[in-house]
1. Can you list the residues of the range B:226-243 whose accessible area drops by at least 30 Å² going from the chain on its own to the full set of protein chains, with a 1.4 Å probe?
2. Enter the accessible area per residue of the range B:25-109 (Å², integer; probe 1.4 Å; all protein chains in place).
3. Find how much the distance from A:R244 to A:R509 grows on full extension, using 0.36 nm per residue of separation minus their present alpha carbon separation; answer in nm with one decimal.
4. Can you give the relative contact order of chain A as a percent, counting alpha carbon pairs under 8 Å and 6+ residues apart?
5. Only Lys, Arg, Asp and Glu count, each charged at its Cβ (+1, +1, -1, -1), so figure out the dipole size of the range A:6-128 about its Cα centre, rounded to 20 debye.
6. Could you tell me which of A:L26, A:F81, A:L45 has its Cα farthest along the dipole of the range A:1-97 towards the positive end, charges placed at Cβ (Lys, Arg +1; Asp, Glu -1), taken about the Cα centre?
7. Give me the dipole magnitude in Debye, nearest 20, for the range B:28-253 about the Cα centre, with unit charges on the beta carbon: positive for Lys and Arg, negative for Asp and Glu.
8. Which net charge results when you count Lys and Arg as +1 and Asp and Glu as -1 among the other residues whose beta-carbon is under 11 Å from that of A:I343?
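The values are calculated or read from the model by the stated rules, or taken from the named source; none is laboratory data. The shown structure was predicted, so the numbers you read here are calculated from the model rather than taken from an experiment. Neighbour counts run over all protein chains shown; Cβ positions are idealised from the backbone, glycine included. Calculation scope for accessible area: heavy atoms of the full protein, side chains included, ligands and nucleic acids excluded. Shrake-Rupley method; radii C 1.70, N 1.55, O 1.52, S 1.80 Å.
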Amino acid sequence: MEVEVTEVLDFLQQHPPFSELPLEVLQEVASQIEVGYFRAGTRILEFGQPIDALHLIRSGSVEVYRRSGELYNRLSEGGFFGEFGLLRQGRVRFPVSALEDTLVYFIPEAIFLHLFEAHESFADAVEVEDRTRLRQAVARREDANELLTARVDTLISREPVTLDQQASVHEAAVLMTQQGVSCLLITDQDRSLPVGIITDKDLRMRVLAAGLDVQAPVQQIMTPEPVTIQHSQLVFEAMLLMLRSNLHHLPVVRKGQLLGVIALSDIIRYESQNSLFVVGSIFRQNSVEELQALVPDVRASFLRMVNEDANSRMIGTAMAVIGRSFKQRLLELAEAELGPPPIPYCFLALGSMAREEQTLVTDQDNALVLHDSFDPQRHDAYFSQLAEFVCQGLAACGYTLCKGDIMATNSRWRQPLRVWQQYFSDWIDKPTPETLLNSSIFFDLDGVWGQLQWADQLNDLILRKARQRPRFLACMARNALNRTPPLGFFKDFVMEKDGRQNNSINTKRRGTAPVADLIRVHALAVGSSARNSFERLEDIIQAGILPSGRGQDLRDALELISMVRIRHQALALREGQEPDNNVAPEQLSDFERKNLKDAFQILSHAQKYLKFRYPL
Amino acid sequence: MFYLDPKKLRDQPVDEEPELSQSSASAVNWPERFRQLAETAVDPRLKAYYAAGVPSGDTPLAEVPLLAMDVETTGLNARKDGIVSIGLIPMTLQRISCARAGHWVVRPRTSLKEESIVIHGITHSQVQQAPDLDQLLEALLQAMQGSVAVVHYRGIERPFLDAALRTRIGEGLEFPVIDTMELEARVHRQKPPGWLDRLLGRQPVSIRLADSRSRYGLPRYRPHHALTDALACAELLQAQIAHRYSPETLLERVWS
């Protein structure tokens, strides 16, 4: 006689991954369960003992250990353990003790293995390899997003419309009208690729407004050497390229031959009302107040990207481009107000903006590089005012002033190029705790405005010097271990490695920042010129300095933690609260908790490896 | 388990429990008693049950096959009221086995009172379609065979089954039980409340099933389903042994 115990069935129906199984299956499971009670403090599983059942916690809580005795996890009602042992030789891999008086449901091995084979969702949830589960979680999101998988050539709907560079402006206008296109690629008989591009806007601004003769050659009004994109690149990459360069048309190239043109409007079909509009409107505002009025639009476009399942890379880049545009427009406005600069300068973005890993909650890290002819007496008043204007303007637009005073308003960070070169050389040659902290911020630098080549020069210097200084790398590696991830979650707490419990976790300080820190050390070691952590990881993987598979794991971990952080901010926005980085465990789904724990684990392993790779 | 109406009785006082047919609990030599009954029993089903014997009192609890039991009844009086459902769940100190659990609804030979329907939820129509206990007797005795019963409050299962069998086959049923309520009473009812307790109106600690369970961190179950109550009782015994006894404790210390 097979009877089902209602209490057991009800419990299974309320707890994932069982709750996702069909009722008939659950009834069968419930009828086969065994029950056992463990007093607080007693051992439930010993290392190496045979195991014949998946253990599901009905009430109470347990601690799971590593073989070394190190705490691995704490689990409470609905948590399960023993799957490692069941799937590998039927011996206990992780010993378990009852933390509180605990009632355990034993799901017999045969039933467990059947569920594992027959039900994908169940298998995913109990999958033994932490990293596999994380990979799947990240991959599922990637598949869901067309922007990430669609290639540029799928957007091309017609042959490119071209015109020889000797043709007249008039002929160009006629051709564009006949063909119904808003841009023309200008060719030269000697070259297979276009030598220039003209758009409707050029006809308006460079011909009509300028009163140019329509018989003039198009060569005269075209934008020479247009930026192009390869046919196999992703729509997402096209979007980034357009955002960064403020372009509306991109010629697409295949094997050195022109394939067609994609327009902004083609991409907008993929990402309706996107951040491109925000960027466009930033450059049309004429005062700090007007810029400030765009903050709700910035937030709305952030929300839209989250809703449309964009990944952290896309969101991080879009937010960085928006931040960059604010800076550029503020500098234009500052120059308009203060007059032209007395000597050339370059405005630098530092940290997460330079890495293109921005979210909504971000403070401004920036600096000014001045021409070597800088004379404080004569020039500094101007640049001090310029910095004040930009930093206060950014603060008004939601980029909080940097608490560590890493801003161009600080005279230390408003120096001529040679001083910067000296700073960087000293930091690399003679690292101190303070300069190491500086290195971790300043060595992610991007030129935003002015003499951008100076930013390149500084990046080259870092690239050249850092990899030759093992001591510097070792110090940076130690520094990257200062912020560690927690162990995981327990009930509604964040659990630390020493067993302490906190109410929330700062996803930046305990997650994305330490990942970026450790990726930076490897990137400096392999001489990667990339700034984005994902791009740096590509270079690091290419260089083969990580054990196989670990680079990919780290990528997944960064993506997952970043998205939890981003979604948390989006949720706050939707609920009309100020977004922040602190996530409380009760806000996380069971799925997110599991994946986050896996990601923390990967980070923790990667930190251990970092110490080993760069010994002092 | 039949739960007493709180209006009639605030808590189940142990010292007022109905006297059991066996005089002093520990005085019964159960293996010997079973040998005698196997000789004298007339019904072959009953004879087979006794003949299978019971573990002796000096067996460590860890080695004793146990059977958690609960019956729902039409009332509290074993002579006048009848059984409407039986829940059984085999167990050991280590594990309780849902796979071999049993649950039957049976048709009592007495009428079903409205007030009891409210409690256990078994209705007239369910009972009308149910078999008489006589038809299930063989299966029931087979399930009980060789095990020691585990109940919460020994004043129900044993007297009711005894009475039901007398009515049906003219012979009663005797079997040893471990009473989880009595095990709780040993801790919480060692001495009667003192004058100060009475003066301060201190209530004695409740030894009802749900309250006892909560003291051991066991979850709250919906009561009054024979199988759920049997499971609840089984878990309580495991908890009591884990906290207050040990797997080496001899059976004679806890059965009666």
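1. Buried on complex formation: B:L227, B:T228, B:L231, B:E235, B:Q238, B:A242, B:H243.
2. Details: 3490 Å² over 85 residues.
Ligands and nucleic acids excluded, the figure is 41 Å² per residue.
3. Values: separation 265, 0.36 × 265 = 95.40 nm, distance 2.80 nm.
The A:R244-A:R509 span can extend by a further 92.6 nm.
4. Values: 1033 pairs, mean separation 63.8, N = 616.
Relative contact order comes out at 10 percent.
5. On the way: 9 positive and 19 negative charges, 138 e Å.
Magnitude of the dipole: close to 660 debye.
6. A:L45
7. Numbers: 27 positive and 26 negative charges, 119 e Å.
Around 580 debye, computed over the range B:28-253.
8. Values: positive: A:R378; negative: A:D372, A:D375, A:D380.
Net of charged neighbours comes to -2.
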